[in-house]
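Right, one structure below, let's go through it.
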Amino acid sequence: MVDPVALTQALVRCASVTPENAGAMEVLEAALTPLGFTCTRLRFGAIENLFARIGTGAPHLGFAGHTDVVPPGTGWTVDPFGAEIRDGVLYGRGAADMKSGVAAFVAAASQRLAAGPLTGSLSLLITGDEEADAVDGTVKVLGWMEQHGQVPDFCLVGEPTSVALLGDTVKIGRRGSLNARITVSGTQGHAAYPQRADNPVHRLVRVLADLTVAPLDAGTEWFEASTLQVTSVDVGNAATNVIPGSAVAKLNIRFNDTHSEASLTEHLRAACARHAEKFDLTVSCSGEAFLTKPGPAVEKLSAAIARATNRTPKLDTGGGTSDARFIARHCPVAEFGLVGTSMHKADEHVPVAQITQLTAAYGAVIEAFGV
Ligand SMILES: [Zn+2]
């Protein structure tokens, strides 16, 4: 059977800072192949990805995770790729986010397989492109899975979702995120003769007041209220006696599933049009909001986690985005993993005992789905 701690260590020792693989996929393949998994390496651009499946029957439970990590940065007191265990704590970049999660699922699968043949099937979607642009990773692997009939009935993402204690939180959705840039144009002129100019700053201020005077919504049963934050207002005017010709503002919107990129773009456009005759609006959405509505699958997941950890998880939709936003377009998805307080920090770490507990929790999930 696979030892989840040793496998975490082997993965941490691969310096797989996006887009580098540094042997991480080979480590996983070497663990999965002897268990009977069929491993398919999928290379897109500079990125190594891996799809591994065992069994062909239903239910098909998928697991998604990533082996890439953010750069170590400075301030480490241990080798960031040494995977040293000190006083029962494993240190290294990716120890929490999320090499231990991947290792725990592989170990849980090995335990299930040791208990007898599968009724259904298990698969792993492992990408090397989650931390950076996420262009050549999960999105493209999902496209391949769709083409080859490999989309699971339910997918568990192993990101660190627990807040204080393992099992306290499961994410069943995420807010969307959208950045917008508004450029209002006017007519440049002398500050003493405003009647001969058209001040774009005044117009932009009214647009922004309009957008921020009331909340976007009041929240829903599963989501907090959406938020709109103006992040920058730029005019770049060095003179004191010149009305500038244009003014720019940037804003970020974190939105729930009552909005979409299209509806928010229209909302922004309407506010601009109310106060400015000439404006330019550019929008980029890094992910739509999604929700896996609590039902039998989420109940199975929650009950399994409660059984393994003695904690009933809170169903949450907060925080930033993850690759679950892409998976949600193909199948129901939820995220559950260990406590992630040290993610992306110096001396990233995970208690060894928590890797073992997470393995047990993933084992309970595999059992609960009847695989
Ligand atoms: Zn992660």
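The values are calculated or read from the model by the stated rules, or taken from the named source; none is laboratory data. This is a predicted model, so every value here is computed, not measured. Quick reminder, even Gly has a Cβ in these numbers, built from the backbone with ideal geometry, and neighbours come from all protein chains shown. Protein only, heavy atoms only, side chains kept; ligands, DNA and RNA dropped before computing areas. Shrake-Rupley method; radii C 1.70, N 1.55, O 1.52, S 1.80 Å.
Laid out as a table, the results:
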quantity	calculated
Of the criteria (1) surrounded by fewer than 20 Cβ atoms within 10 Å (Cβ to Cβ); (2) within 16 Å of the ligand (Cβ to nearest atom); (3) in a helix (DSSP H, G or I), which one GLU146 fails	(2)
Among residues of segment 344-371, those that are open to solvent by less than 50 Å² (accessible area, probe 1.4 Å) and part of a loop (DSSP other than H, G, I, E, B), counted	6
GLY167 vs. criteria closer than 30 Å to ALA104 by Cα and either touching a Lys or Arg at 6+ places or on another chain (Cβ under 9 Å) or of a type outside the set (Asp, Glu) (or both)	yes
Hits in segment 201-216 - residues which are assigned to a loop (DSSP other than H, G, I, E, B) and surrounded by fewer than 15 Cβ atoms within 10 Å (Cβ to Cβ)	VAL213, ALA214, PRO215
CYS14 vs. criteria within 16 Å of the ligand (Cβ to nearest atom), at pLDDT 95 or above and at negative phi	yes
Unique match (being farther than 30 Å from GLN147 by Cα, touching a residue at least 12 places away in the same chain (Cβ under 8 Å) and in contact with a Gly (Cβ under 9 Å, 6 or more places away or on another chain)) among ALA353, ALA334, ALA364	ALA353
Pairs, first hydroxyl-bearing (Ser, Thr, Tyr) in segment 207-220, second surrounded by 14 or more Cβ atoms within 10 Å (Cβ to Cβ), C-beta under 6 Å, six or more apart	THR220/ASN256
Residue match in segment 21-39 (condition: surrounded by 18 or more Cβ atoms within 10 Å (Cβ to Cβ), in a strand (DSSP E or B) and touching a residue at least 24 places away in the same chain (Cβ under 8 Å))	no
Test: residue in segment 175-190 that is buried (at least 24 other Cβ atoms within 10 Å of the Cβ), within 16 Å of the ligand (Cβ to nearest atom) and of a type outside the set (Val, Ile, Thr)	no
Selection status of GLU131, open to solvent by 20 Å² or more (accessible area, probe 1.4 Å), at pLDDT below 95 and not aliphatic (A, V, I, L, M)	yes
Of the criteria (1) in contact (Cβ under 8 Å) with a residue 24 or more places away in the chain; (2) closer than 27 Å to GLY320 by Cβ; (3) out of contact with any Lys or Arg (no Cβ under 9 Å at 6 or more places or on another chain), which one SER177 fails	(3)
